[in-house]
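Asks: Quick one: the structure is below, and I'll ask about it shortly.
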Amino acid sequence: MTQAPATIFLVDDDESVLRGLRRLLRAVGYATKPFASPSEFLAQLSGDTPGCAVLDLRMPGLNGLELQQAMESKGCHLPVIFISGHGDVPASVRAMKAGAVDFLLKPFDEQQLLGAISQALLKDAAARVGRAETAALHARHAVLTPREREVCALVAQGLTNKEVAQRLGTTEKTIKVHRARVIQKLDVDSVAELVRFVDRLGQG
């Protein structure tokens, strides 16, 4: 499936800043969506669109940091770049700890912003691949029966068929059948690969 083109979401209460950002980014080929307030941006927020968000730090209502938190609470994982006309060191530290890609002071160098956006888009693309892979793992795991999931978890812990049978109160022959079905359904070739599968499933 072809991924939609990236969009740069711009949120700033200064109309002149929005115009300047949009002009710069359109000149280098980026699609943009400008918003004059955090509430306007949140009202149309969708986590499905690839891209990143460039947020002003100080705005009426929600500030940039609060907007970043609101995005997270809505399940939006767009990478964030903060821009600010104030050299607020504590705010910049909080922003970076919260996962911001960069924190730029106005007036900033155009290449600095373009570099941050390029980095943010790479981060977004990698995160989307990771989420898709995790979703695929969960989909494969979901086809297992409840007993097969129990067997899968115990085998991944390193228990032998005999030990699994004792743990679950059944026969070793039955466990061998369940184990074979688990390996087939999860499309893994060995117990070692099964262990890696379960490990990645847990991390997701």
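The values are calculated or read from the model by the stated rules, or taken from the named source; none is laboratory data. Worth saying up front: this structure is predicted, and the values here are computed from it rather than measured. Here the Cβ is made from the backbone with ideal geometry for all residues, glycine too, and neighbour counts use every protein chain on show. For the accessible areas, the whole protein counts, side chains as well, though only heavy atoms, and no ligand, DNA or RNA atoms are used. Shrake-Rupley method; radii C 1.70, N 1.55, O 1.52, S 1.80 Å.
Asks: Just for segment 171-204: of the residues that are of a type in the set (S, T, N, Q) and over 16 Å from E150 (Cα atoms), which one is modelled with the highest pLDDT?
Replies: Applying the filter and picking the extreme gives S190.
Asks: Right, another one. Taking L113 and the conditions (1) in a helix (DSSP H, G or I); (2) open to solvent by 40 Å² or more (accessible area, probe 1.4 Å), which numbered condition does it fall short on, given that it satisfies the others?
Replies: Here L113 meets the rest and fails (2).
Asks: Would you be able to say whether some residue in segment 38-48 is touching a strand residue (DSSP E or B) at 6+ places or on another chain (Cβ under 7 Å), open to solvent by 10 Å² or more (accessible area, probe 1.4 Å) and either at pLDDT below 95 or part of a strand (DSSP E or B) (or both)?
Replies: Looking through segment 38-48, none of the residues is touching a strand residue (DSSP E or B) at 6+ places or on another chain (Cβ under 7 Å), open to solvent by 10 Å² or more (accessible area, probe 1.4 Å) and either at pLDDT below 95 or part of a strand (DSSP E or B) (or both).
Asks: Among the numbered conditions (1) without any contact (Cβ under 8 Å) to a residue 40 or more places away in the chain; (2) among the aliphatic types (A, V, I, L, M); (3) open to solvent by less than 30 Å² (accessible area, probe 1.4 Å); (4) in contact with a strand residue (DSSP E or B) (Cβ under 8 Å, 6 or more places away or on another chain), tell me where A31 comes up short.
Replies: (3)
Asks: Quick test of your reading of the structure: G158 fulfils all but one of (1) farther than 21 Å from T32 by Cα; (2) assigned to a helix (DSSP H, G or I). Name the failing condition by number.
Replies: (2)
Asks: Can I ask one more? Which residues, counting only those in segment 49-71, are within 15 Å of L10 (Cβ to Cβ), open to solvent by less than 30 Å² (accessible area, probe 1.4 Å) and either part of a loop (DSSP other than H, G, I, E, B) or of a type in the set (K, R) (or both)?
Replies: Result: L57, M59.
Asks: Now a separate question. Inside segment 1-18, can you point out the residues that are open to solvent by less than 50 Å² (accessible area, probe 1.4 Å) and assigned to a helix (DSSP H, G or I)?
Replies: Passing the criteria: V17, L18.
Asks: Between a first residue in segment 48-70 that is in contact (Cβ under 8 Å) with a residue 24 or more places away in the chain and a second residue that is basic (K, R), which pairs have beta carbons less than 9 Å apart while being 6 or more apart in sequence or on different chains?
Replies: That search, which allows pairs on different chains as well, returns T49/K33; P50/R128; G51/K33; C52/K123; D56/K106; G64/R58; L65/R94.
One line per residue, one yes/no per condition, for (1) open to solvent by 20 Å² or more (accessible area, probe 1.4 Å); (2) within 25 Å of A192 (Cβ to Cβ):
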{"position": "I83", "(1), (2)": "no, no"}
{"position": "S92", "(1), (2)": "yes, no"}
{"position": "V101", "(1), (2)": "no, no"}
{"position": "D124", "(1), (2)": "no, no"}
{"position": "T134", "(1), (2)": "yes, yes"}
{"position": "H141", "(1), (2)": "yes, yes"}
{"position": "C152", "(1), (2)": "no, yes"}
{"position": "Q157", "(1), (2)": "yes, yes"}
{"position": "E172", "(1), (2)": "yes, yes"}
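Asks: Name the single residue that is nearest to L159 (Cα to Cα) among those in segment 178-198 being in a loop (DSSP other than H, G, I, E, B) and open to solvent by 40 Å² or more (accessible area, probe 1.4 Å).
Replies: S190
Asks: Can you name every residue in segment 19-28 that is of a type in the set (D, E, K, R) and surrounded by fewer than 16 Cβ atoms within 10 Å (Cβ to Cβ)?
Replies: The answer is R19, R23, R26.
Asks: Scan segment 149-204 for residues that are of a type in the set (D, E) and under 20 Å from L137 (Cβ atoms) and jot them down.
Replies: Listed by number, the residues that qualify are E150, D187, D189, E193, D199.
Asks: When L144 is evaluated against the numbered criteria (1) assigned to a helix (DSSP H, G or I); (2) touching a residue at least 24 places away in the same chain (Cβ under 8 Å); (3) not basic (K, R), which criterion, by number, is the only one it fails?
Replies: (1)
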